[in-house]
Amino acid sequence: MAPGLTGEEFGRIETTDTFESSPDHRAFLSVAAHPEEGTAVTHWGTVHHLQTHPGFRCRGVGSALMRELRTVARDELGLEQLRLAARGEEGLEDFYGRLGWREVGRWPSALRFAPDDTRDEVLMLLAPL
């Protein structure tokens with residue numbers, strides 16, 4: 001559990017394997033991960049996004065959410081590894097690295113937010129779960 005948050009604020013695991021915000025829909029956090037389909041890749045899942053409301057950052061919410069996601073992926077979904085792509089130049093490599101993830105590649109200049117704001121997409125892996 002993230003420091004300073006009650007269980008009700010932290011949220012709950014949905015049967016869709018998506019962590020949702022509290023019942024009052026303040027939407028301060030959201031994580032989605034899905035197992036991949038197909039015979040060659042059914043042992044891994046993809047984390048599609050992790051978002052925390054700015055007012056809840058630096059309180060351990062994102063870290064707690066990712067630790068719980070790891071547990072669900074391993075124990076309930078039977079996955080062996082998780083993958084994600086993170087925005088470069090945001091410090092996300094360090095955030096995920098502290099949680100056991102490792103960088104396995106980059107897509108140079110893959111993300112363009114403005115004509116003068118192009119960043120790498122960082123490919124990360126968490127294995128074994």
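The values are calculated or read from the model by the stated rules, or taken from the named source; none is laboratory data. Note that the structure is predicted; figures quoted are calculated from it, not measured. Note that each Cβ is placed from the backbone with ideal geometry, even for glycine, and that neighbours are counted across all protein chains shown.
Any chance region 36-48 includes a residue that's under 12 Å from Met124 (Cβ atoms) and in contact with a helix residue (DSSP H, G or I) (Cβ under 9 Å, 6 or more places away or on another chain)?
Yes, that holds for at least one residue.
If you scan region 42-62, which residues turn out to be crowded, with 17+ Cβ neighbours inside 10 Å and not aromatic (Phe, Trp, Tyr)? Quick ask: steps written out before the conclusion?
Within region 42-62, the subset crowded, with 17+ Cβ neighbours inside 10 Å is 44-45, 47, 50, 52, 56, 61-62.
Once the filter is applied, which keeps residues that are crowded, with 17+ Cβ neighbours inside 10 Å and not aromatic (Phe, Trp, Tyr), region 42-62 yields Gly45, Val47, Leu50, Thr52, Val61, Gly62.
Checking the condition in contact with a strand residue (DSSP E or B) (Cβ under 7 Å, 6 or more places away or on another chain) and acidic (Asp, Glu), which residue from Asp75, Asp116, Asp120, Asp94 passes?
From the options Asp75, Asp116, Asp120, Asp94, the qualifying one is Asp120.
For Gln81, work out the one condition from (1) at pLDDT below 95; (2) over 23 Å from Glu37 (Cα atoms); (3) in contact with a Phe, Trp or Tyr (Cβ under 7 Å, 6 or more places away or on another chain) it doesn't fulfil.
All conditions pass for Gln81, except number (2).
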